[in-house]
Amino acid sequence: MDIYTDGSCNTQNLLGAWGAVILTPSSEKIVLSGKEVNTTHQRMELLAVIKALRFVGTGSVTVYSDSQYVTGLVGRKLGAKGFMTKKGAAIRNADLVREFLALEAAMEVTFVKVKAHGEGVPFNVEVDRLVRGLVRERV
């Protein structure tokens, strides 16, 4: 199963959106999306992956993300450090990072880093347009 995710946030009004396009083995396309207020771009990127993995639930998936933040978290052992930085401060977005790592560990997940707004990756372009459109809408 392939999952394409993206997140976006308007830094002026802190309205964010997340989205995921899920392609099932039977070639069905499922689109998930949502909006959040008082958020950040990184939270929306994480939430897109979390919502998609929750929806799928079990099995083997490949997640395509243009977020270095998300792909950089893969396999990290942050829980062993109490979700703290080397300097002892709480990591950013600890609530979502905890859930992301738990879902990643419970499933067989492969992450593929793609270029942002990457032409040549049609579903990445689709989910990018989806979330940018949602961010432009009024709450």
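Data for the structure
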| read-out | value |
| --- | --- |
| Condition check for residue 39: among the β-branched types (Val, Ile, Thr), surrounded by fewer than 15 Cβ atoms within 10 Å (Cβ to Cβ) and not in a helix (DSSP H, G or I) | no |
| Of all residues in the stretch 89-101 being farther than 15 Å from residue 48 by Cα and among the aliphatic types (A, V, I, L, M), the one that is modelled with the highest pLDDT | 94 |
| Test: residue in the stretch 115-137 that is crowded, with 18+ Cβ neighbours inside 10 Å and touching a His at 6+ places or on another chain (Cβ under 9 Å) | yes |
| Residues satisfying the stated conditions in the stretch 93-112, i.e. surrounded by 14 or more Cβ atoms within 10 Å (Cβ to Cβ), of a type outside the set (A, V, I, L, M) and at negative phi | 98, 99, 100, 104, 111 |
| Verdict on residue 62 being among the polar types (S, T, N, Q), assigned to a helix (DSSP H, G or I) and either under 19 Å from residue 31 (Cβ atoms) or touching a Lys or Arg at 6+ places or on another chain (Cβ under 6 Å) (or both) | no |
| Residue list for the stretch 112-137, filter: under 12 Å from residue 2 (Cβ atoms), within 14 Å of the chain's Cα centre (by Cα) and not in a helix (DSSP H, G or I) | 112, 114 |
| Residue selected from the stretch 32-55 under the condition of a type in the set (Val, Ile, Thr) and in contact with a Ser or Thr (Cβ under 9 Å, 6 or more places away or on another chain), by the criterion nearest to residue 112 (Cα to Cα) | 49 |
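The values are calculated or read from the model by the stated rules, or taken from the named source; none is laboratory data. The structure presented is a predicted model; accordingly, all values stated were derived computationally and were not measured. Quick reminder, even Gly has a Cβ in these numbers, built from the backbone with ideal geometry, and neighbours come from all protein chains shown.
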